[in-house]
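Colleague: Got a structure for you, questions after.
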Amino acid sequence: MLDRRTLIQAAIATAALGPRLAFAKADTDKRLLVVLLRGAADGLSWIPPYGDPSYAGLRGQLAIGAPGSTDGAHKIDGMFGLHPAFDWLAQRFAAGDALAVHAVASPYRERSHFDGQDALENGTATALGKRDGWLNRAIAPLGGALGNETAIAIGTTTPLLLRGNTRVANWAPSRLPGVDNDTLARLARLYESDEFLHARLAQAMESQAIAEDAGNMDGKRRRGNAQQQFRQTLGQAAKFLTAENGPRIAVVDSGGWDTHANQGAATGGLANRFRGLDAALAEFHKGMGDAWRDTAVLVMTEFGRTVRVNGTRGTDHGTAGAAVLVGGGVRGGRVIADWPGLAAGALYQDRDLYPSTDLRSLCKATLIEHLKIDAAHVDRRVFPDTTPIPVLEGLFA
């Protein structure tokens, strides 16, 4: 028989370290998944501008061939394609519910991963510009009291994007031995009058059930490489976002996008990562079912990479890159770009794709047009001092 001290220890372990989720009762059926590609994913390989006359020469061995050529890109239009590793995403472009924004960047202009990610997530022009995330500020009107979290971070830590005064949930596969349901039930009865601990215990039981239903039995992640694990993670994200009274917004990290050496073109290291991302997004799409029509997925990275190849057959930290928006309500099948070109004199500091679109224009559109968050709140609180930066209109049906 468990004594009171053992029960307390189990309760603390379950609340602090075990799977955890607080279900929401959001006033919207719209869902949003944000995928952060950490390490600066190469937009010129992701969405290759094969129609730019300078592209193939500058990219050399890393250039992605034109549609119809051997290992060529999936065609989007006469200028832009999609890396050949993205079979599922190519289907979404063809179906009209995926789009890309190219030559896009946050206002940050240095090339530090840490600072670039900080600026991307805090929503200002500089690292440390704010100590909370723009998505946390955005969801403040949607709720956030204990037991009513609208957003969830899926991973071992909560990224800056979701940190702030608005309460959010966090879930990750447990690394501790599981606590049996009988013990959890007795703990719930013991702490029925404790608002915080009782809620956390209930969350542990709810999240455990969702994780098991997602194929993560006993809270243990299946064995496999990082790409397989990421696919499972997005499958679990779909379970959370489709749960009854569940969270409506999720954020997931994907690391390893820094390709200084042996980047590859249609095949190789980067192509393998693209293929893994494509499979993970396909898993999420499958898991969303009918809710896909109300779902948007925003995939973005802290900055792009250099146009020219470096001495180790890779690319270095750059400036502008690409972002992708996909979902059932997206007016896609296209690339949005105020394309600066890759000709001599057109590059930023003679090395990078010139940043012609502020990434916050895309983020604003996702919040205002998709989640229906008040535009004044977005300009005043979410992205302060950005009124002159226009919203990319017409992205959603």
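Colleague: For the stretch 116-126, enumerate the residues that are at negative phi and buried (at least 16 other Cβ atoms within 10 Å of the Cβ).
Modeller: Across the stretch 116-126, the qualifying residues are GLY116, GLN117, ASP118, ALA119, LEU120, GLU121, ASN122, THR124.
Colleague: Still on this model: Could you identify the single residue in GLY129, GLY143, GLY147 that is surrounded by fewer than 24 Cβ atoms within 10 Å (Cβ to Cβ), modelled with pLDDT under 95, in contact with a helix residue (DSSP H, G or I) (Cβ under 6 Å, 6 or more places away or on another chain) and more than 27 Å from GLY269 (Cα to Cα)?
Modeller: That would be GLY147, the only listed residue that is surrounded by fewer than 24 Cβ atoms within 10 Å (Cβ to Cβ), modelled with pLDDT under 95, in contact with a helix residue (DSSP H, G or I) (Cβ under 6 Å, 6 or more places away or on another chain) and more than 27 Å from GLY269 (Cα to Cα).
Colleague: To continue, here is another question. When the stretch 338-397 is examined, which residues are found to be out of contact with any Asp or Glu (no Cβ under 9 Å at 6 or more places or on another chain), of a type in the set (Ser, Thr, Tyr) and not in a loop (DSSP other than H, G, I, E, B)?
Modeller: TYR348, SER361, THR366
Colleague: Another question about this same structure. Any idea which residue in the stretch 321-347 is farthest from ALA56 (Cα to Cα), counting only those that are of a type outside the set (Gly, Ala, Ser) and out of contact with any strand residue (DSSP E or B) (no Cβ under 9 Å at 6 or more places or on another chain)?
Modeller: LEU347
Colleague: Would you point out which residue out of ASP71, ASP87, ASP52 is acidic (Asp, Glu), modelled with pLDDT of 95 or more and either in contact with a Ser or Thr (Cβ under 6 Å, 6 or more places away or on another chain) or surrounded by 15 or more Cβ atoms within 10 Å (Cβ to Cβ) (or both)?
Modeller: ASP52 is the lone residue from the list that is acidic (Asp, Glu), modelled with pLDDT of 95 or more and either in contact with a Ser or Thr (Cβ under 6 Å, 6 or more places away or on another chain) or surrounded by 15 or more Cβ atoms within 10 Å (Cβ to Cβ) (or both).
Colleague: Next question, about the same structure. Is there any pair linking a residue in the stretch 87-104 that is over 14 Å from VAL335 (Cβ atoms) to one that is part of a helix (DSSP H, G or I) and not aromatic (Phe, Trp, Tyr), with Cβ under 7 Å and at least six apart or on different chains, and which?
Modeller: ASP87/ASP278; TRP88/ASP278; TRP88/LEU281; TRP88/ALA282
Colleague: Another question, then. Within the stretch 57-68, how many residues are more than 11 Å from ALA265 (Cβ to Cβ) and surrounded by 15 or more Cβ atoms within 10 Å (Cβ to Cβ)?
Modeller: Residues in the stretch 57-68 being more than 11 Å from ALA265 (Cβ to Cβ) and surrounded by 15 or more Cβ atoms within 10 Å (Cβ to Cβ): 3 in total.
The values are calculated or read from the model by the stated rules, or taken from the named source; none is laboratory data. What you see is a predicted model; the values in this text were computed from it and never measured. For neighbour counting, all protein chains shown are included, and Cβ atoms are generated from backbone atoms with ideal geometry for every residue, glycine included.
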